[in-house]
1. Find how much the distance from Asp248 to Ile50 grows on full extension, using 0.36 nm per residue of separation minus their present alpha carbon separation; answer in nm with one decimal.
2. Which length gain, in nm to one decimal place, applies between Thr425 and Arg176 when the Cα-Cα distance is subtracted from 0.36 nm times their residue separation?
3. If I model a spin label at Gln321 and Arg439 as a point 7 Å from the Cα along the Cα→Cβ vector, what separation in nanometres do I get?
4. Please give, to one decimal in nm, the separation of the simple spin-label points placed at Ala411 and Val60, each 7 Å out from Cα toward the Cβ.
5. Take every Cα pair under 8 Å in segment 209-298 that's 6+ residues apart, average their separations, divide by the length, and report that relative contact order as a whole percent.
6. With each pseudo-label sitting 7 Å past Cα toward Cβ, what's the Ser312-Ala385 distance in nm, one decimal?
7. Take each of the peptides 229-235, 263-269, 216-222, average the number of other beta-carbon atoms within 10 Å over its residues, and list them starting from the highest.
8. If we sort 147-157, 50-60, 75-85, 443-453 on the protection proxy, mean other Cβ atoms within 10 Å, highest first, what's the order?
Amino acid sequence: MTQSEEYTDATPPVGRPSQRVRRGPGQRASVFRWVAGALTVALPLLTGCIVGQPRGEGRVLHLRESTTRAGYYLYLPQDYRGSDPSNPPEEPSDPAALSAAAAGNGSAPSAARKGDTARPLVMTFHGMKPFDTAGAQIREWQQEADRYGFVVCAPSLRVPATTSPVPLDRVTAALRRDEAAILAIMDELGRTTDVDMNSVLATSWSYGGYVAHYMVNRHPERFSCLAVKQSNFNADILDDANVPRYRDMPVAVFYTENDFAICRRESQQAGNWYAQRGFDVTFARFAYRGHERTPGPAGTFFARWCGAVAKSPPWEVAFLQVLEPTPLGAAPASSTVLPRLRGAADSALARQGAVPAADAYGATLAAAGDGPLIRIRLSRTIDVAPVLLTYQVSIDPSVAESASVLWMIDAEPVSNGVSGQKVLTAPGDHVVSVLVTDRDGAEYRASEVVTVLERLQEGG
């Protein structure tokens, strides 16, 4: 019987000519098994690596930092009219001029010297190569950049590689090189681009979380906000001594119900680490999603803190369903883990004289003095009009008996009882508040902001 043969071109060793490699059926079966095994491992990763967000209308630049030669992608939003970083001005050679240019945050020029054109800056750190790259990150963030006017920078990193330890439990040489490159890139952006170096978000996806948490912990003066999504975390590479330097920084940890186990676990660890140390933490888990790219929540979170106004509705956030956050059980009992957002949410609450204890994505906790907690549960906190809103309050058993409940929306009474429904049609922020009064007359209040988005007309 004649044995069948298959020939493939093999890559020859250096210095040797190419040759034909003969493989029999047994060898081919081994190859097929190897390929099948590799696909079994890779397909779940590749599914989450697809960039599903549409491209923006701005400019994408691929640049190299002048001293470290580190590569990075830069996205300038659609309405960016500032200086051109691809054709930067000559750097001053006079020492006094160099010193003046380094004034402000780190070695970058201060925002005040740039005038009103300075844009908030997003520094986004990519996941493990080849499943994620700086180029993929810059594509992922384009819609958010156009929506809020952000400049987005995605450095090409060394440490998120398949050869790096998982988890990253020590400061490696690759992490040190990335640290130096990131700082140099930020310095260069401060010189060449109209960015506000006092309004900088550190964000990440997947393995890039190690870098985001590390950079903010080691250089808190260079960042103003931290919002990670589906990201890794390890406290072993963080320095507790630096915590007092940035305890007032807003922090958000977002992950998904069906994310990889290590990302779910380490996201929980990140929330606990920050809550234990007194940070004001936004912590949300999105239903049904897996290891997917979701820049919308991080973009919205940063926009609220830096005061950026949305030029288009944040559709991605509107269609994310939030599960009740996993309790941050390691947090001290006195710690308020759910956030108090500045910006649009607080403005709406202030207008109504409500208690600013709102979480942008989940439930709300509030208490009067040292009394028991009450909890608001809402079906949605952001959606497209008309919104059928279901609301419910959980009351501590010690005061639930004989307690009266009054619900108000935008300071107008709407119902009594522990739960109810209301259709919201007017676009904008609506304050949902509840007043619980126990039989002794003690009052307990909690408030939440619901954002109603205007429905766009088809074909228009």
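Every read-out reported here was derived from the displayed coordinates using simple, explicitly stated rules and does not represent laboratory data. Nothing here was measured: the structure is a model prediction, and the numbers come from that model. Neighbour counts run over all protein chains shown; Cβ positions are idealised from the backbone, glycine included.
1. Result for the pair: 67.8 nm of gain on full extension.
2. Extra length from Thr425 to Arg176 when fully extended: 84.4 nm.
3. Placing both labels 7 Å beyond Cα along the Cβ direction yields 3.9 nm.
4. If labels sit at Ala411 and Val60, their model points lie 4.8 nm apart.
5. Dividing the mean separation by the residue count of segment 209-298 yields 31 percent.
6. 2.0
7. Those peptides, ordered most packed to least, come out 229-235, 263-269, 216-222.
8. 147-157, 443-453, 75-85, 50-60
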